[in-house]
Amino acid sequence: MTARIGVVTFPGSLDDRDTQRAIRLAGAEPVALWHKDKDLKQVDAVVLPGGFSYGDYLRAGAISRFSPVMETVIEQAKAGLPVLGICNGFQILTEAHLLPGGMLGNDHLHFICRDQKLRVENAETAWTSDYTAGQEIRIPLKNMDGRYVADERTLDMLEAEGRVVFRYVDFNPNGSLRDIAGITNEAGNVVGLMPHPEHAVESLIGTGRTDGLPFFTSILKKLVNA
């Protein structure tokens, strides 16, 4: 039976179709989910894609966090459903308190778009098992509000518990504390990051590499072997 991975579309989402394509390339079945629908259609995992949901008004991800679909996502994530938040999806996960900390505007106050080198710090989550710890990858990054922040106690906790999943290498593009590019929850089923793995799944486009594809093959293997 083919694994089914839902991709939520919010008003202002712009990478939902790219994410669906990445899921299909990995060998799973993408399932379109609408933000107003609480029904997750019995999917095996969920991706909150990148974009500018609700125009980032009030605060990036703050309005989407209250979309009807998120009520079910939050409930099922706490019960173990794998959830990946990419860029705006990461912002939504912090606003929903599925991940600690928050996102602020880039320290240089400009939108940034570049191919970004990352180091894999945790290869044991539901979404990163096809990587190896210490591996360096290159993933496209594009954001305006990508600066990850948290208090020192939370940062120390994330470090001590191995919950920093990705870290920026060579250049910190947004002022994120401790060069953090992505984190996970305590159980390892919820992961959020600012760079866009769905834009690095084919050698013809994006970075010209497929460094983002293991996100989607990792979750596929976990679901198939569950």
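The values are calculated or read from the model by the stated rules, or taken from the named source; none is laboratory data. All values reported here derive from a predicted model rather than from experimental measurement. Quick reminder, even Gly has a Cβ in these numbers, built from the backbone with ideal geometry, and neighbours come from all protein chains shown. Protein only, heavy atoms only, side chains kept; ligands, DNA and RNA dropped before computing areas. Shrake-Rupley method; radii C 1.70, N 1.55, O 1.52, S 1.80 Å.
Taking region 56-79 as the search range and keeping residues that are open to solvent by less than 40 Å² (accessible area, probe 1.4 Å) and at positive phi, which one is modelled with the lowest pLDDT?
Result: ASP56.
How many residues does region 130-164 contain that are aliphatic (A, V, I, L, M) and out of contact with any Leu (no Cβ under 7 Å at 6 or more places or on another chain)?
Result for region 130-164: 6.
Does any residue in region 17-46 that is free of Cβ contacts under 8 Å to residues at least 60 places away in the same chain come within less than 6 Å, Cβ to Cβ, of a residue that is part of a loop (DSSP other than H, G, I, E, B) six or more places away or on a different chain, and which pairs are these?
Between residues of region 17-46 that are free of Cβ contacts under 8 Å to residues at least 60 places away in the same chain and residues that are part of a loop (DSSP other than H, G, I, E, B), the close pairs are GLU29/THR2; VAL31/LYS41; VAL31/VAL43; HIS35/PHE10; HIS35/SER67.
Of the residues that make up region 186-195, is at least one closer than 11 Å to ILE139 by Cβ, open to solvent by less than 50 Å² (accessible area, probe 1.4 Å), at pLDDT below 95 and part of a loop (DSSP other than H, G, I, E, B)?
Checked region 186-195: no residue is closer than 11 Å to ILE139 by Cβ, open to solvent by less than 50 Å² (accessible area, probe 1.4 Å), at pLDDT below 95 and part of a loop (DSSP other than H, G, I, E, B).
Table: residues versus (1) of a type outside the set (Val, Ile, Thr); (2) touching a strand residue (DSSP E or B) at 6+ places or on another chain (Cβ under 7 Å).
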site	(1), (2)
PRO100	yes, no
THR125	no, yes
ARG153	yes, no
ILE183	no, yes
ALA187	yes, no
MET194	yes, yes
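Taking into account only those residues within region 37-54 that are closer than 16 Å to LEU14 by Cβ and open to solvent by less than 40 Å² (accessible area, probe 1.4 Å), which is modelled with the lowest pLDDT?
Taking the candidates together, the pick is SER53.
Taking PRO30 as meeting all but one of (1) outside any strand (DSSP E or B); (2) of a type outside the set (Lys, Arg); (3) modelled with pLDDT of 95 or more; (4) open to solvent by 10 Å² or more (accessible area, probe 1.4 Å), write down the number of the exception.
(1)
Taking region 133-149 as the region of interest, how many residues are β-branched (Val, Ile, Thr) and within 25 Å of GLU202 (Cα to Cα)?
Residues meeting the conditions: 2.
Could you list all residues from region 1-27 that are within 16 Å of CYS87 (Cβ to Cβ), assigned to a helix (DSSP H, G or I) and small (Gly, Ala, Ser)?
Selection gives ALA22 alone.
If we scan region 142-158, do we find a residue that is within 29 Å of GLU75 (Cβ to Cβ), assigned to a loop (DSSP other than H, G, I, E, B) and within 13 Å of the chain's Cα centre (by Cα)?
The answer is yes; a qualifying residue exists.
Residues that are surrounded by 21 or more Cβ atoms within 10 Å (Cβ to Cβ), more than 30 Å from LEU58 (Cα to Cα), among the β-branched types (Val, Ile, Thr) and in contact with a Phe, Trp or Tyr (Cβ under 9 Å, 6 or more places away or on another chain): does region 137-152 have at least one?
Within region 137-152, one or more residues are surrounded by 21 or more Cβ atoms within 10 Å (Cβ to Cβ), more than 30 Å from LEU58 (Cα to Cα), among the β-branched types (Val, Ile, Thr) and in contact with a Phe, Trp or Tyr (Cβ under 9 Å, 6 or more places away or on another chain).
Quickly run through region 169-185 and pick out the residues that are open to solvent by 10 Å² or more (accessible area, probe 1.4 Å) and farther than 16 Å from GLY85 by Cβ.
VAL169, ASP170, PHE171, ASN172, GLY175, LEU177, ARG178, ASP179, listed by residue number.
Quick check on this structure: which one of ARG167, ARG178, ARG163 is touching a helix residue (DSSP H, G or I) at 6+ places or on another chain (Cβ under 8 Å) and on the phi > 0 side of the Ramachandran plot?
Only one candidate passes the filter, namely ARG178.
Go through region 197-224 and give me each residue that's charged (D, E, K, R) and under 14 Å from the mean Cα position of the chain (by Cα).
GLU198
Going by the structure shown, is GLY134 open to solvent by less than 60 Å² (accessible area, probe 1.4 Å) and either among the basic types (Lys, Arg) or free of Cβ contacts under 8 Å to residues at least 24 places away in the same chain (or both)?
Yes.
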